[in-house]
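The values are calculated or read from the model by the stated rules, or taken from the named source; none is laboratory data. These figures come from a predicted structure and were not determined experimentally. Glycine gets a Cβ as well: all are built from the backbone with ideal geometry, and neighbour counts include every protein chain shown. Accessible surface is based on the protein model in full, side chains and every heavy atom, while ligands, DNA and RNA are left aside. Shrake-Rupley method; radii C 1.70, N 1.55, O 1.52, S 1.80 Å.
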Amino acid sequence: MKYTNWLLATLLVGGLGTAVAGIASATQEEQKPKFNPFQIHQKIVKSKEGLLKYKKESENTLKKLQNEISQQEEVFVTITLAKPINEGQLTKLVNNYKLNVQHTLIRSIEKDTKLRGTLLMSPSEKGLFDKTALDRIMTQNDATFKGFIEIVATVPNANLQGLASDQLVFLVDSSGDEHFVFNPKKKYVPGVFWDLEDTNMISE
């Protein structure tokens, strides 16, 4: 029985009521659907109409969250940007909406082949990304840095609507948030920037 040892310890220390409450809470969490990020992404229709439909569905989900949880509560999101943005724009977004960044995705273009490249960069003690490492990777791959295209982060509920309506943002996707799914390892749903590029939906 999964909770046997924990239940016994709780009974000895705090009594039956505490143990039952703990089991109920754990069971409630596990009854949520397990998060499958790629399954969600595969369901999105990769057309202009399909992407706009998914954007609208995501906006409705954010409104539901806004009404059901406290304004201070953090929500786990994938932010697809409307176009590649520079370091200053990234910093402004993070500061304006109090984003706690898990990682960013960067678009690069190979100079000879013109092939698109995607690079994941996590925050370091030096800032939101390691500039030295980024420069080295661009040089090694003979590529040009085009900008940041996606952000995976937590954001206070109070800032969700402002973030979603920012002109630099195409989509704020909360599919991986544990208010909806069982996702203890903080897996994230892929953004849709590649699809924006393929359907000529990148902002000027």
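A few points about this structure:
- Filtered residue count, segment 138-153, keeping only those that are touching a residue at least 24 places away in the same chain (Cβ under 8 Å) and either outside any strand (DSSP E or B) or hydrophobic (A, V, I, L, M, F, W, C) (or both): 10
- Scanning segment 154-204 for residues that are out of contact with any helix residue (DSSP H, G or I) (no Cβ under 8 Å at 6 or more places or on another chain), open to solvent by less than 20 Å² (accessible area, probe 1.4 Å) and part of a loop (DSSP other than H, G, I, E, B) yields Val181, Asn183, Gly191.
- In segment 79-95, the residues that are in a helix (DSSP H, G or I) form Cβ pairs under 9 Å with partners that are open to solvent by 50 Å² or more (accessible area, probe 1.4 Å), at six or more places apart or across chains, as follows: Glu87/Lys131; Val94/Asn100.
- Within segment 36-78, tally of residues that are open to solvent by 40 Å² or more (accessible area, probe 1.4 Å), assigned to a loop (DSSP other than H, G, I, E, B), in contact (Cβ under 8 Å) with a residue 40 or more places away in the chain and more than 19 Å from His179 (Cα to Cα): 1
- Candidate set from segment 96-135 (those that are of a type outside the set (Lys, Arg) and assigned to a helix (DSSP H, G or I)); member that is nearest to the chain's Cα centre (by Cα): Tyr97
- Looking across segment 131-147, just one residue is at positive phi and open to solvent by 60 Å² or more (accessible area, probe 1.4 Å), and that is Asp142.
- Evaluation of Lys92 against (1) modelled with pLDDT of 95 or more; (2) under 18 Å from the mean Cα position of the chain (by Cα); (3) open to solvent by less than 80 Å² (accessible area, probe 1.4 Å) (one fails), failing number: (3)
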